[in-house]
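First the structure, in the form of structure tokens, and then the observations on it.
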Amino acid sequence: MSPARPTLAAAVADLVLAGPEARPGLGGVLACDVAPADWARSAAAMAANGGRLAALWIDPGAQPWRALALFANGGDYVLLQAELAEDPTRLPSLSPHFAAAERIERGLHDLLGLEFEGLVDRRRWVRHRAWGADEHPLRAAPVPPARVPADTDYAYAPIHGESVHQVQVGPIHAGIIEPGQFRFATVGEQALRLELRLGFVHRGVQAQAVGRNADGLLRLATRVSGDSAVAHAWAAAMALERAATTEPPARALALRALLLERERVANHLGDAGAIANDVGFSFAQMQFSALRERWQRSNAMLFGHRLLFDTLAPGGVRCDLDGEGMARLLRDHRELRESMTPLTDIVLDHPSLDDRLIGTGVLSAEDARQLGCIGYVGRASGQDVDLRRDAPHAPYDSLDVRVPLYAQGDVAARLRVRLDEIMVSLDLMDRLLASLPAGPVATTWEPPARGGAGLGLVEGWRGETIAWVSLDGSGRVTCYQPRDPSVMNWPALERLLPGNIVPDFPVCNKSINGSYAGHDL
Amino acid sequence: MLRILNRVARTGTLTEALDDTPLQSLGIAVRRRLDARFAGSLAIRHVDAGSCNGCELELHALGNPYHDLEQYGIRFVASPRHADALLVTGVVSRHMQAALLDAWQAMPAPKLVIAAGSCACDGGEFGCSYATVGAVDALLPVDVAIAGCPPTPVALLKGLLAALGREGRLTGRDRPR
């Protein structure tokens, strides 16, 4: 990672106890230690200097507990840390300065029992009814009842008014989709408001990680969100490697990038078809899903898994490419490019599709900025962020990544970003193959003798994907905190839906395509 | 319109041909059993009870032109009331326990329960914890377990075939564990 410009760190210069400084485990990210009392003030300074909140979490493996918040402005990344030494039960809320902090803090309260001072919305978020208000799973595992009742008394924000109806869907939706609950307030066919309720697929990922070794952690990271297996595994592997100051061989990093781009292409193909299908254009769904199937079959043949699960190892990758494999990939890229051109022509210039997609589900640039939206959701609403270009790690630091950007913020723009990114990825993969370094595909990963922590950042297909890993002296995980891009992008759905008709909700939702599993953890 | 027709004509039929590919022999077998037992159609209600969404991607792949699940008369339905089989993916999270039971109870008997994927079969990476009940088996009577993380579309098709071969179990149990 290239050294960050000091602008964000300079914003908190008069508040820091230590730093800003580069520290082991953080790559190029600068660390700033502040007192818990200055936590919110420091965040306010970040916000005033154009910083967005990228992640907010607590490391309960550290003694005392440590609060961490990652801020970014372009390629400038700063990690704010506060030791909760004197009072480990409270911390000032960042929600007055960052809208995204609200639900993250509600979730942290549920899991850790931390009180966030100044947090207005004190409803539970991750907690349903498997454990009580006074129980906090990351402090001590609760013993849930044999039959956990349905969460029927969640206090959705009330809405009043003549001819306002409320419609609730979920947690089980009508299709092959992950579970979550949506409460619509409608007037006639128009949506007045939408409120999300997530947490149904909370599997206790953070608690599951504690005590695992590096291999076990990567297996878990692969399954944080199955569609982002490579992104989460790479972020976790990067954190592990930085914590242990291990540098994977150049060939391994190039292969990881190849896998990450393959994951991006597969998901964008699937989404492009699904978006078209949600407005009844099944022709595109069939075409794109056929392309995706061919792509996945190559994954299975060359990398051993259709969705590239478990292809990464601490210190490298578990797969390699021979000349034949490379030739097959180059042929795949050529064929996909040839298929994409006529399909893109049809999809981007078809009156019935235009009618349904253009102007539907508009996320304004201001909303996207306020929420800290990233990935294709941000880039379709003018947020020009992409780690691969802004703060590139190897091998992206030697590749010039073109980042598609649109200002319209509608479903059509989110579709265009995906279609463009498929072509960009094909080009990147050709270049990766052309300069694939020789040598081993993995190096031995040794746990750091006195323990340590690392931060991993990867631009997955959905956007910036983050992992924080802390280890004890024997190489066992004491804290794993993944941050799926969906955490930042789910709230966008609530902002963009009002004013649209309820029947357009599925296509709006698909255009965001948040991961429920990646959010709920 | 012409562009679309041209594309359709150029694409041709991708659905794997009627020869010795494993998919086809499997498909034919599924078809025969469906004809015999379910008057030619099987309706499946899918519930993600705590999946990482990998299984869902492969369930979607069953519908692509290569596999074309509907050619066998198998289709996914929106309501459990219309379903012959409940296909569960994921480790059962505690927060989905009630919804999963509701879906199962809403299905008319006889009903099949299919656990798809390692998590649904044996708890996978997650097992039983404060957040998860564990395998589907811990909650519902499972007729067929389809292993794999996630199971491939061909494995899923094989699992469906196995489900249809479960004679004595077709009456289904009407009580959860």
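Chains A and B: buried accessible surface, both sides, probe 1.4 Å, rounded to 100 Å²? Can you show the working numbers first?
Details: alone 19950 and 9390 Å², together 24690 Å².
Approximately 4700 Å² gets buried when A meets B.
Take each residue of peptide A:200-213, count the partner chain Cβ atoms within 10 Å of its Cβ, and average: the result is 5. Computed over region A:205-485, the alpha-carbon pair-distance distribution with 5 angstrom bins reads 1, 6, 12, 16, 17, 16, 13, 9, 5, 3, 1, 0, 0, each value a whole percent. Within region A:427-513, the proportion of Cα pairs with more than 15 Å between them is 74 percent.
Proximity of backbone amide H atoms, modeled 1.01 Å from N, is registered between B:Met107 and no other residue at under 5 Å, excluding neighbours fewer than 5 places apart on the same chain. Counting charges near A:Asp472 (Lys, Arg +1; Asp, Glu -1) among other residues having Cβ under 15 Å from its Cβ returns a value of +2.
Going highest first, how would you order A:266-273, B:86-93, A:343-350, A:95-102 by mean Cβ packing within 10 Å?
Working: A:266-273: 25.1, B:86-93: 30.2, A:343-350: 17.2, A:95-102: 20.2.
Highest mean packing first, the order is B:86-93, A:266-273, A:95-102, A:343-350.
Over region A:25-142, the alpha carbon radius of gyration divided by the compact-protein estimate 2.2 N^0.38 Å works out to 1.05.
Ignoring everything except DSSP H segments at least 4 long, calculate the 222 nm mean residue ellipticity for the protein assembly as shown; use -39,500 (n - 2.57) per segment, divide by total residues, nearest 500.
Numbers: 23 runs with 265 residues, N = 698.
The per-residue figure over the protein assembly as shown is -11500 deg cm²/dmol.
On region A:212-322, 48 percent of the accessible area sits on carbon and sulfur atoms, based on a 1.4 Å probe.
Please report the base-10 log of the normalised intensity I(q)/I(0) for region A:279-332, using a Debye sum with one equal scatterer per alpha carbon and no solvent, at each q in 0.25 (1/Å). So the normalised log intensities work out to -0.98. Database remark: amide H of A:Ala313 closer than 5 angstrom to the amide H of A:Arg318 (H placed geometrically; neighbours at sequence offset of 5 or more, or on other chains; Pro and chain starts carry no H).
Restricting the calculation to Cα atoms, region A:369-521 shows an Rg/Rh of 1.05 when the hydrodynamic-style radius is the Kirkwood one.
Treating r as the C-beta distance of A:Thr7 and B:Asp35 and R0 as 56 Å, the FRET efficiency rounds to 0.20.
When only alpha carbons of region B:1-148 are considered, Rg and Dmax amount to 17.4, 57 Å. Peptide A:221-234 has a mean shielding of 3, counted as Cβ atoms of other protein chains within 10 Å of each residue's Cβ.
If Lys and Arg each add +1 and Asp and Glu each add -1, what is the summed charge of the other residues whose beta carbon sits under 13 Å from the beta carbon of B:Ala29? Let's see the in-between values first.
On the way: positive: B:Arg31, B:Arg32, B:Arg33, B:Arg37, B:Lys158; negative: B:Asp35.
Charge balance in the 13 Å sphere: +4.
Heavy atoms only, 1.4 Å probe, whole protein assembly: order A:Arg388, A:Arg294 by accessible area, highest first.
Numbers: A:Arg388 10, A:Arg294 95 Å².
The ordering from most to least exposed comes out as A:Arg294, A:Arg388.
For A:Cys479, the solvent-accessible surface with a 1.4 Å probe is about 10 Å², rounded to the nearest 10. Rounded to 0.05, the FRET efficiency of the A:Met326 and A:Ile358 pair, given R0 = 45 Å and the Cβ-Cβ distance, is 0.65.
Peptide packing for A:244-250, A:132-138 was compared via the average number of neighbouring C-beta atoms within 10 Å per residue; ordered from the highest value, the list is A:244-250, A:132-138.
Classify the protein assembly as shown from the C-alpha gyration tensor, please: rounded if a/c falls under 1.5, else prolate or oblate depending on whether a/b exceeds b/c.
Details: a/c = 1.42, a/b = 1.25, b/c = 1.14.
Rounded is the answer for the protein assembly as shown, as its axis ratio a/c remains below 1.5.
The values are calculated or read from the model by the stated rules, or taken from the named source; none is laboratory data. Just so we're clear, the structure is a prediction, and the values are computed from it rather than from any experiment. Cβ: placed from backbone, ideal geometry, glycine included. Neighbour counts: every protein chain shown. Ligands, DNA and RNA are stripped out before the accessible areas are found, and what is left, the full protein with its side chains, is counted by its heavy atoms. Shrake-Rupley method; radii C 1.70, N 1.55, O 1.52, S 1.80 Å.
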